[in-house]
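Chemist: Next up is a structure, given as structure tokens.
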Amino acid sequence: MGDWPSSRAAAVLAALLGIGWSVARQTGSHRVLTRPGWSNYVFAFHDRDELGPRMLARIARHTGLRPEDL
């Protein structure tokens, strides 16, 4: 958990898109992300939200995101 820097949600979403996730659909700030071989993931943050290390670690567990991807 200590390896994760705080990041804006927009940067995290860009990193997820960069590792192969794509937005299947969006309703407001809720984006359903899809990637072959993974379960869909609901990314429900506003672009300017600041995500801390604990939330980033939780996102990583479900998406395969790594600190070097940010």
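Chemist: Residue pairs, Cβ under 6 Å, 6 or more apart or interchain, first in the stretch 49-63 and free of Cβ contacts under 8 Å to residues at least 40 places away in the same chain, second open to solvent by 20 Å² or more (accessible area, probe 1.4 Å). List them.
Modeler: Listed pairs, sorted by first residue: 62/41.
So that you can scan it fast, the table gives a plain yes or no per residue for (1) among the polar types (S, T, N, Q); (2) touching a helix residue (DSSP H, G or I) at 6+ places or on another chain (Cβ under 8 Å):
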{"site": "8", "(1), (2)": "no, no"}
{"site": "12", "(1), (2)": "no, yes"}
{"site": "26", "(1), (2)": "yes, no"}
{"site": "32", "(1), (2)": "no, no"}
{"site": "44", "(1), (2)": "no, no"}
{"site": "53", "(1), (2)": "no, no"}
{"site": "62", "(1), (2)": "no, no"}
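Chemist: Do you know which residues across the stretch 1-30 are within 16 Å of residue 60 (Cα to Cα) and assigned to a strand (DSSP E or B)?
Modeler: 7, 8, 22
Chemist: Can you tell me which residue in the stretch 23-38 is surrounded by the fewest Cβ atoms within 10 Å (Cβ to Cβ), limited to those that are under 22 Å from residue 67 (Cβ atoms) and not aliphatic (A, V, I, L, M)?
Modeler: Initially, the stretch 23-38 is screened for residues under 22 Å from residue 67 (Cβ atoms), giving 31, 33, 35, 37-38.
Imposing the further condition that a residue be not aliphatic (A, V, I, L, M) reduces the set to 31, 35, 37-38.
Working: 31: 19, 35: 17, 37: 6, 38: 13.
My answer is 37.
Chemist: Let me ask another. Residue by residue through the stretch 8-20, note down the ones that are under 13 Å from residue 66 (Cβ atoms) and over 9 Å from the mean Cα position of the chain (by Cα). Give the steps one after another, and end with the answer.
Modeler: From the stretch 8-20, those under 13 Å from residue 66 (Cβ atoms) are 12, 15-16, 18-20; that's our starting set.
Scanning the stretch 8-20 gives 18, 19, 20.
Chemist: Another one. Quick check on this structure: which one of 58, 8, 54 is in contact with a strand residue (DSSP E or B) (Cβ under 9 Å, 6 or more places away or on another chain), of a type in the set (Lys, Arg) and open to solvent by 30 Å² or more (accessible area, probe 1.4 Å)?
Modeler: The match here is 8.
The values are calculated or read from the model by the stated rules, or taken from the named source; none is laboratory data. Keep in mind that this is a model prediction, so the values were computed, not measured. Every residue, glycine as well, gets a Cβ built from its backbone with ideal geometry; the counts of neighbours run over all protein chains shown. Please note that ligands, DNA and RNA were not included when accessible areas were found on the heavy atoms of the full protein model with its side chains. Shrake-Rupley method; radii C 1.70, N 1.55, O 1.52, S 1.80 Å.
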